[in-house]
Each structure stands twice: as structure tokens, then as C-alpha cells.
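Let me begin by presenting the structure, written as C-alpha cells, before commenting on it.
None of the figures in this text is laboratory data; all of them are computed from the coordinates on show. Note that the structure is predicted; figures quoted are calculated from it, not measured. We place every Cβ from the backbone using ideal geometry, glycine too, and count neighbours over all the protein chains shown.
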Amino acid sequence: MIELQQVERDFAVGDETVRALADVNLDIPDGDYLSVMGPSGSGKSTLLNVIGLLDRPTRGEYRLNRTPTTTLGEEQRAALRREHIGFVFQAFHLVARLSAAENIALPMVLAGIAPPERERRVGEVLESLDLGDRASHRPDQLSGGQRQRVAIGRAIVMRPGLLLADEPTGNLDQHSGQEVVQLLEKLNDDGITLIVVTHDSAIGRRARRRIRMLDGRIDSDEPEDAPA
Amino acid sequence: MRLPDLLALASRSVFEARTRTLLTLLAMSIGVASVVLLTALGEGARRYVIGEFEQLGTDLLIMLPGRTETTGGPPPLFGQTPRDLTIDDSQALLREPSIIKVAPITVGNAPVSHANLEREVTIVGSTPDFFPIRRIRVGVGRQLPDIPADRQSNVIVLGAALKQELFGRHNPLGRWVRVNDRRFRVIGILAPGGESLGTDLGDMAIIPVASAQALFNSPSLFRVLIQASAKEDIEAARQAAIKTIRLRHDGEDDVTIISQDAMLGTFDRILRALTYTVSGIAAISLAVAGILIMNVMLVAVSQRVAEIGLLKALGGSERQVLRLFLTESIMLAGAGAFIGIVLAGLGILLVNQLYPGFPFAAPLWAPLAAVGVALSAGLLFGVLPARRAARLDPVQALSGR
Ligand SMILES: Nc1ncnc2c1ncn2[C@@H]1O[C@H](COP(=O)(O)OP(=O)(O)OP(=O)(O)O)[C@@H](O)[C@H]1O
Ligand SMILES: [Mg+2]
């Protein structure tokens with residue numbers, strides 16, 4: 001459950017301020033599937049970072065699962081990210097010296113989960129991602145699509161309620177991109193709230209709810225079946 | 001984060017940057033090894049000197065002519081040269097019950113020759129008591145004859161090396177050698193392999209003190225060695241010696257008496273200070289190694305910006321990132337220190353193989369202090385890079401901006 005009220009985000013660039021988010025109001029119920037589209041620089045990533053608690057709004061209120069987040073300390077925000085939010089990035093951001101299994105285990109290492117439990121969950125995730133035979137491979141031994149699947153495995157291994165993907169198919173060919181999107185949608189079917197930022201309108205159209213950003217504002221916010 | 005995971009994660013990154021890690025380990029291990037080895041050297045020198053003194057016995061007093069200004073008083077106005085310290089003075093000391101042995105000593109260098117062989121050596125003039133006091137043993141023949149100390153006698157005891165030089169394998173006993181323009185009959189050879197307070201006993205010769213005074217034309221003794229009747233009597237012996245000389249020198253205190261103990265203490269202090277200084281200087285290299293660690297970690301942070309951003313996105317807090325990077329610094333320092341200790345241990349073994357006589361060993365505090373300083377340097381110089389990593393903004397870090 002995500003509630004944004006009059007959220008603004010300003011960046012100071014030299015003497016000027018760039019308003020990356022302006023008066024954003026957004027409620028997202030649990031289990032929803034959103035796509036965020038819009039021209040470059042319109043604030044899509046900034047919105048995702050605010051929702052993911054990586055960034056703080058300059059003004060306005062953001063409640064995650066009814067918890068007001070803007071007044072929380074760094075440690076508490078980190079804990080919320082750890083427990084409730086998974087990220088998938090365009091650039092994968094796998095740790096090159098760790099194997100696929102170790103990359104997936106990383107959030108559990110940070111959370112202090114004991115190795116037997118970690119192994120069990122990593123095994124499950126690898127299996128569900130069809131990567132069982134790639135567990136010990138390092139990222140440079142994997143294809144782009146496989147890397148992104150490992151990254152998705154890492155994002156969901158803590159069983160978060162919210163999955164944020166910033167152009168998850170941006171570095172992939174059509175086919176792998178398709179697979180990744182289907183994987184994300186399957187996770188959404190299983191109940192996770194999914195927000196996908198994308199430039200690809202074919203992918204964007206698949207979401208139940210589509211948001212269009214323009215100059216930091218939500219330009220349109222329409223459900224699947226509404227007329228475009 | 002659990003401790004084993006923290007260590008595993010940190011060691012993975014440390015091993016990843018192989019060249020940088022090796023260089024850092026090299027610097028740190030050299031620093032630690034040099035601290036330990038230099039301390040071992042200083043400590044070895046100290047033990048060696050102390051051992052030498054203790055060999056001489058701690059019931060020994062040494063009397064020198066002239067007054068050293070240990071009391072801090074002003075020097076006498078009129079240029080009084082101190083009275084000669086004579087053989088008679090030394091023999092008078094023997095009347096004191098607290099003094100059991102006295103060895104007056106005159107020392108000089110002179111050429112000793114036999115046939116056409118000649119060698120310049122140290123000539124010590126003394127009395128028979130010199131041998132037990134300095135614990136010098138005669139190997140072949142006799143020591144000096146028991147004649148009144150002020151009587152000359154043209155006899156000589158040769159050091160083993162000197163005998164070898166002049167006579168080779170021939171028996172020198174009863175033969176004559178020439179010292180300057182005087183002839184001396186060889187009556188004994190010192191036991192070989194002796195060394196006392198750094199003087200090589202092989203390369204010297206001992207003659208009666210009165211003969212040495214005549215030979216070197218020196219009316220005053222160089223030193224008088226005084227042995228107290230027991231260790232407890234050492235203070236009484238000192239007082240008695242001062243009193244005796246004062247009576248004989250018209251009420252002037254014109255000799256200096258050093259106790260073996262005091263000398264021992266002084267040397268002990270000096271050599272300890274020297275050891276601390278040398279190890280302190282070596283410890284500077286640990287600070288340098290610490291700065292290298294800082295440098296390496298700063299590079300690591302800037303190379304791993306994206307990874308740090310990722311850790312934060314995955315729920316890592318600033319504190320966790322800080323701890324991770326601090327652990328890496330301390331690991332570098334600790335591994336370097338460990339290698340340094342091993343190197344130092346090998347070095348000590350090697351030196352002991354090469355010079356078995358020299359007590360070359362590091363006191364326990366040296367490796368402990370070196371490792372302690374190394375770890376502290378790792379921690380101290382690791383703070384800045386770790387803080388930089390912890391404070392990275394995750395959004396910027398992930399976007400590569
Ligand atoms: N750290 C920053 N400092 C200054 N300006 C920033 C910063 N981050 C974002 N901006 C600005 O905020 C605006 C929104 O940026 P954002 O990255 O959210 O755009 P975006 O919609 O994700 O674009 P793209 O499709 O290219 O990824 C842009 O004008 C950008 O220049
Ligand atoms: Mg973006």
C-alpha cells in the first residue's frame with residue numbers, strides 16, 4: 001500500500017533548482033501492476049527512487065503500508081527497504097566477483113539470515129527462475145537475460161511486497177526482454193505489487209494501470225481498459 | 001549482518017584486488033617485521049652487555065683516578081691535577097676487612113715480538129688477583145707470580161691468539177719475547193676463546209703491574225678493580241675505599257668509584273632507551289603502511305561506488321557499509337601484520353643460526369605492540385574511506401553519476 005501526497009523533489013544544480021517531481025499524488029493498492037512512462041528527464045526514475053526509499057521527497061508525505069516514511073532515520077529506511085522492497089535495475093548491478101547464488105543471497109546476508117535458511121531460499125528462487133544449473137556461474141558467464149533473472153531473484157528473495165523495476169528490459173534484446181517481463185508479471189500474479197518504468201510502449205501497455213509523467217508531474221493515470 | 005558473513009564478504013573484496021592487496025601486505029609486513037627485528041636487535045645487545053657484566057660478578061667496584069663531577073659541584077679553582085693512583089694505594093685497600101681482592105691495572109699498547117715475528121697488542125699490567133676477579137683462566141703454564149705488587153718481574157702471560165701468531169704450534173713456555181725494548185719470559189698462555197667486556201682476550205698479554213708502569217712510564221694506575229668480600233659488603237667496601245684513599249691523599253677525594261651494579265643499571269637504561277627509540281622509528285613505517293591502506297581503500301571505494309549503492313538498495317544501512325569497509329582495512333592490516341610476524345620469526349631463526357653466541361630474540365611485547373599498532377593503523381586510516389563509502393548517496397551511486 002503506497003500513498004504519495006503532494007510529493008515534490010527538488011535538486012539543486014548550481015544556483016538553480018530542478019524540480020524532478022512536482023505535486024505528485026498517487027495511491028497504489030497492494031498487488032497492483034503499474035507502468036510509468038514519459039519522456040527522458042520527466043522524473044520517472046526519481047519517482048521510483050522515492051517510492052523505493054532510496055531518495056527522500058523535498059516536500060510532501062509518503063506512507064508505505066501506512067507508515068509515514070519521511071521522518072524515519074536512515075537505519076529504519078534501510079530496514080524497510082530490506083524487508084519490503086525489491087529493486088531491478090536496467091544495468092543489473094550484479095556483484096561481479098560473486099556467483100549467481102551468492103548474488104541472490106546478498107540481501108539475506110545483509111539481513112543476517114543464517115546460511116542454511118539462505119541456501120534453502122536461494123535454491124527455491126533459482127529453481128523458480130529456471131537457473132538451477134547456473135548457481136555457481138559468475139555474472140560474466142551469464143547472458144543478459146540470465147543476469148536480469150538473477151537480479152530479479154535477488155530482488156524477491158526477501159519476499160518483499162513491492163517490486164520496483166527501472167527499465168528492466170533496457171539492456172536486453174527483444175526476446176530476453178519478453179521473458180523478463182513475463183517473469184515480473186508472474187510474480188505480480190502471485191501477489192507482489194509491481195511498478196515498471198519503461199520507454200517501451202508495448203511493455204507499458206501490458207500494465208493494469210499506466211502512468212504518464214511530464215516535467216515531474218503525473219500527466220495521465222489510466223487503467224488498462226480506459227480509452228487512450 | 002552476521003560476523004562470519006562480514007568477514008567472508010570483506011575477504012572476497014580484498015582478494016579481488018590482488019595487486020593492491022599484495023602491495024599493501026608487503027608494506028605492512030615489512031613494517032611489522034622491522035619493528036620486531038630491530039627490537040630483537042636492541043634487546044639482544046642489551047642482554048649481551050648485561051650478560052658480560054654479570055659474568056664479572058656484581059660484587060665488583062672499579063676505582064678510577066680523578067674525580068668525575070657526579071656530585072654536580074664546581075670544578076676546583078686552582079688547577080689541581082688529581083694525585084696519582086699508585087700501587088701502594090691499591091695495596092692499602094687490602095687492609096680493609098670488607099675488601100677481599102684488589103687488582104691494580106695499567107694498560108697500554110706495545111709491539112710484542114719473537115724471532116722476526118711481531119704483533120702490536122694490548123698489554124695489561126696487573127697482579128695475580130686480576131685473574132679471578134676478571135674470571136680469566138690460564139690454559140697452559142702459570143699465571144703471574146705472587147710477588148709484592150710494586151716489584152717488577154720480566155714474566156708474561158700471552159693470549160692464545162698472540163701465542164699462535166708468535167710461536168705457531170711450538171711450546172713457548174720459558175721462551176723470551178720482546179715488548180718494546182724489554183725482554184719477558186713466557187710463563188703462561190690464556191685459555192683460548194675468551195672474551196671479556198668486548199676485549200678479545202686472545203690478542204693481549206698480561207705482565208706484572210710494576211713492570212707495565214716501567215714499560216709505559218706511567219706513574220698512575222689506569223684502574224683498580226676491587227672485589228668486596230661479599231655482595232652485601234659492597235657499600236661498606238666502597239666507603240672503606242674512599243676513606244683509605246682520602247687518608248692517603250691528604251684529605252682529597254680524588255678518585256671515582258663505580259660499582260658494577262650502577263654501571264649495569266646505566267647500560268641497561270641506555271640500551272633499553274635505544275631499543276625503544278629504534279622500534280619507535282620502525283613503527284613509523286607502520287604509519288606509512290596505514291596511509292597506504294587508506295589510499296588503497298579510497299581507490300576501492302571509488303571503484304565500487306555502484307556496488308555500495310546496490311548494498312544500500314538491498315537494505316544495507318550506512319553502519320553496515322561502514323563496518324564492511326573498516327573490516328577490509330583491518331583485514332589488510334592484520335594479514336600484513338601476520339606475514340610480518342612470520343618474516344620476523346624467520347629472520348630471528350636465521351640470525352641465531354648464523355651467530356649462535358648473540359642473544360638475538362624479541363621480547364614478547366615487540367610482536368604484540370607491532371600487531372597492535374598495525375591493526376590500529378588499519379582501523380584509523382580505514383575510517384576515512386569507510387565513512388566516504390557509508391555516506392554515498394545510493395541514487396547517485398547506482399546511476400553512475
Ligand atoms: N542528482 C540529481 N541532481 C540534479 N538533477 C537531477 C538529479 N537526479 C535527477 N535530476 C534531474 O531530475 C529530472 C528527472 O530525472 P529522472 O532521472 O527522474 O528522469 P527519468 O524520467 O528517469 O529520465 P530517463 O528516462 O532518461 O531515465 C531530470 O531533469 C534530471 O536532470
Ligand atoms: Mg530514468
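Quick notes
- Entry remark, segment B:385-401: residues being surrounded by 15 or more Cβ atoms within 10 Å (Cβ to Cβ) and more than 16 Å from ligand 2 (Cβ to nearest atom) number 7 in total.
- Flag if A:Glu117 is within 14 Å of chain B (Cβ to nearest Cβ), part of a helix (DSSP H, G or I) and free of Cβ contacts under 8 Å to residues at least 40 places away in the same chain: yes
- Strands (runs of 3 or more DSSP E) completely within segment A:1-62 that count 2 or more residues being near ligand 1 (Cβ under 8 Å from one of its atoms) and either of a type in the set (Asp, Glu) or more than 21 Å from A:Arg208 (Cα to Cα) (or both): A:2-13, A:16-28
- Taking residues in segment A:33-62 that are under 11 Å from A:Ile195 (Cα atoms) and touching a residue at least 60 places away in the same chain (Cβ under 8 Å), and partners anywhere that are among the basic types (Lys, Arg) and within 10 Å of ligand 2 (Cβ to nearest atom), the pairs with Cβ atoms closer than 7 Å and at least 6 places apart or on different chains are A:Val36/A:Lys44.
- Entry remark, segment A:92-114: residues being assigned to a helix (DSSP H, G or I) and within 14 Å of chain B (Cβ to nearest Cβ) number 11 in total.
- Screening B:Gly357 with (1) within 14 Å of chain A (Cβ to nearest Cβ); (2) part of a loop (DSSP other than H, G, I, E, B) gives one miss only, at (1).
- Residue list for segment A:9-63, restricted to those being within 17 Å of the chain's Cα centre (by Cα), β-branched (Val, Ile, Thr) and away from ligand 2 (no atom under 15 Å from the Cβ): A:Ile28
- Any chance A:Asn171 is within 16 Å of ligand 2 (Cβ to nearest atom) and surrounded by fewer than 23 Cβ atoms within 10 Å (Cβ to Cβ): yes
- In segment A:184-223, the residues that are of a type in the set (A, V, I, L, M), within 16 Å of ligand 2 (Cβ to nearest atom) and not in a strand (DSSP E or B): A:Ile203
- Residues of segment B:326-358 satisfying the condition of being over 18 Å from B:Gly372 (Cβ atoms) and crowded, with 22+ Cβ neighbours inside 10 Å: B:Glu328
- Scanning segment B:309-325 for residues being away from chain A (no Cβ under 11 Å) and buried (at least 22 other Cβ atoms within 10 Å of the Cβ) gives a total of 1.
- Residue check, A:Leu72 more than 14 Å from every other protein chain (Cβ to nearest Cβ) and among the aliphatic types (A, V, I, L, M): no
- Count of segment B:360-401 residues which are within 14 Å of chain A (Cβ to nearest Cβ), part of a helix (DSSP H, G or I) and farther than 21 Å from B:Ile293 by Cβ: 6
- Filter result (loosely packed, with under 15 Cβ neighbours inside 10 Å and under 19 Å from B:Gly66 (Cβ atoms)) within segment B:257-301: B:Ala262, B:Thr266
- For segment B:1-26, residues that are more than 12 Å from chain A (Cβ to nearest Cβ), in contact with a Gly (Cβ under 7 Å, 6 or more places away or on another chain) and more than 14 Å from B:Ala300 (Cα to Cα) total 1.
- Counting only strands (runs of 3 or more DSSP E) wholly contained in segment B:172-256, the ones carrying 3 or more residues that are surrounded by 16 or more Cβ atoms within 10 Å (Cβ to Cβ) and of a type in the set (A, V, I, L, M) occupy B:182-190, B:204-208, B:223-228.
- Residue count for segment A:127-169 satisfying the condition of being of a type in the set (Gly, Ala, Ser) and within 16 Å of ligand 1 (Cβ to nearest atom): 1.
- The residues listed here are A:Leu163, A:Leu126; of these, the one that is surrounded by 19 or more Cβ atoms within 10 Å (Cβ to Cβ) and either of a type in the set (Gly, Ala, Ser) or assigned to a helix (DSSP H, G or I) (or both) is A:Leu126.
- The set of residues in segment A:130-141 that are surrounded by fewer than 19 Cβ atoms within 10 Å (Cβ to Cβ), of a type outside the set (D, E, K, R) and either touching a residue at least 12 places away in the same chain (Cβ under 8 Å) or within 14 Å of another protein chain (Cβ to nearest Cβ) (or both) comprises A:Ala135, A:Ser136, A:His137.
- When B:Val107, B:Val102, B:Val157, B:Val112 are checked against the criterion of being in a strand (DSSP E or B) and either surrounded by fewer than 20 Cβ atoms within 10 Å (Cβ to Cβ) or on the phi > 0 side of the Ramachandran plot (or both), a single residue qualifies: B:Val107.
- Condition check for B:Ser29: of a type outside the set (D, E, K, R), under 20 Å from B:Met294 (Cβ atoms), within 14 Å of chain A (Cβ to nearest Cβ) and in contact (Cβ under 8 Å) with a residue 24 or more places away in the chain: no
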